[in-house]
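The numbers here are math on the coordinates, done by the rules we state, and not lab data. Predicted model only: the values in this text are computed from it and were never measured. Quick reminder, even Gly has a Cβ in these numbers, built from the backbone with ideal geometry, and neighbours come from all protein chains shown.
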Amino acid sequence: MRRIFRNTGEFGPDGGKGRWTPCAAVPRVSCSERRAEPFRSERARRFPCCAVALPTPADRLRPVSAPAVAARLPVRALPGRCDARPARHHPTTHPGAAVRPRLPVSPRGGTITVPTPQRVSTIPVAPGALPVLGHLPAFLRDPLAFLRTLPAHGSLVTVRLGSVPVVLVCDPELVRTMLVHDRVFDKGGPLFDRLREAGGQGLATCPAHEHRRQRRLVQPAFRAGRFPDYARIMSERMDTIISGWRAGQTLDVTTAVRGIAADIVVSAIFGSRLDPADHHRLVTDFDTLLAGFSMHTLLPRALRGIRTPGNVRYLEATDRVRRTMTRLTAEYRRRGTPDGETNLLSLLMAARDPDSDAPALSDDELVDQAVTMYSAGTETTAGAISWALYLADAHPEVRARLTEEARTVLAGRAADWDDVPRLPYTRQVLLEAIRMYPPGWFLTRRTETDTHLGRHAVHQGTTIAYSPYLIGRLPGLYERPDHFDPDRWRTQDGRKPRVPATVFGGGARKCVGDEFSLLEGTLLLSTVVARWDMELDRDTVTVPKIPQLTLSPGRLRATLRTPARRPVAG
């Protein structure tokens, strides 16, 4: 015999104390009988209140560790919108088919709750797919415009990039659910496969089972108490570089800002002792790597090894970056950290394994983290500042407020940590630029098990994509989403303005360096506009038809005019 139990706990119908109440005794059924549909129907008819049959020994239930089971499951899905828990079996996906959801376990008291079975809808396929190539030609022709056509077809839409089907999530709530449930929707797909080839298993690219350990080791380097030291490094480096600009000089703003950001990040990682030749080599090779990354990702695997000029440049730059970082890390470990110097690499080297007190990160892992920090800190900041300057130039009232704030607060000097609270509008301009043109514009995940997202069944191994660029332009999420309005991020009721949705990820995989990047961007943007008037040649601005790994202006030429007059001391 076996008993069927009904939950009368805190989530059950009786609101009790987590009890299991026996409903009835049911004879044991053989496997062949259990597979018979009439038996299922009869059981459902006779015991409509029962959720699950628990086999028992003769006189007691076998104890089950609910917290242990709960630890392997994601927390909870958003109420009423989706169920991101793994499915027990492959559900039928024809319209109207009922799906038996996976039985979730509450972490409190072992109470099992049963959601109402959902109706499953098929995931629509975007129209216009070509034989063999799928939607790849339309995606390559104008990817940003192509992405903006997809929400009209549903909250989830399948596109075929060559032979690879990709499910794009167009609903911000479902994107949030996917990001929160990172063990179900792990970082994967063509994008992260190529990132791991280029940069190793750093914090941003490692799989979920490795992420918790790395996050625990890296997180102390990004605590708020470290930021004054980082701000000092940023201020010194940007002051040195920007002071070298000359009135009447014409420069490519995107390239110039990327160079400053790279200098800052390298100094923050390695300290002040980095050889200028190594610094120049890293900046040059990363530019080459990023320029070829998108095309290399989209190429079929068989074509990536062909020695075309583009492939050769990309592969050689990737190899040089890795070798340079490996050598620098080994030299830094051998020399040690000077007294009083704080940098990211020294903090990572000081991290200890709590069990053995041995160094927690190997040399290879230190290199992975250094590559990750360099690429994230350089491209995110450079793209955000370039777009902020471009958008402010197109809106004279924004440019006037931004310039007035920076010149009043800084009086011609480089911004530092103490200036940040007095630069709120600068941060607002930066956040709005990130919303409209997020650096990471197209990102992928891979499902680790059969699951549900919204009303859709998603099978294990499916490549899921989301676009912060697309989410940031949705009318239902932002008022007048195509309008540049920094005031949408102003502080309200003394609360710090939030960050645009999905730009820095979410859940346990939220970017560990998000505040580092915003600090760097605020200091650099305010220092540039405080010191120089820029006349942008707007005809030179192009959004690349095939964006690189990050979304930044292709070219943004500007002429520097007489710097702002500095007040005379005294």
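Structure values in brief
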item: Relative exposure of T502, T550, judged by other C-beta atoms within 10 Å (fewest first); result: T550, T502
item: Pairwise FRET efficiency - R555 versus E316, Cβ, R0 = 25 Å, nearest 0.05; result: 0.50
item: Separation of alpha-carbon centers, the range 400-451 and the range 174-216, rounded to whole Å; result: 24 Å
item: Cut-off under 5 Å, modelled amide H: who pairs with V458 long-range; result: T451, H452, L453
item: Segment T326-R213, extension gain: residue separation times 0.36 nm, minus the distance between their alpha carbons; result: 38.5 nm
item: Per-residue Cβ neighbour rank within 10 angstrom, fewest leading, V164, V184, V429; result: V164, V184, V429
item: Relative exposure of L144, L174, judged by other C-beta atoms within 10 Å (fewest first); result: L144, L174
item: Inverse of mean 1/r across different Cα pairs in the range 227-266, Kirkwood, Å; result: 10.9 Å
item: Computed label-point distance, nm, for sites E397 and V132 using a 7 Å Cα→Cβ extension; result: 5.4 nm
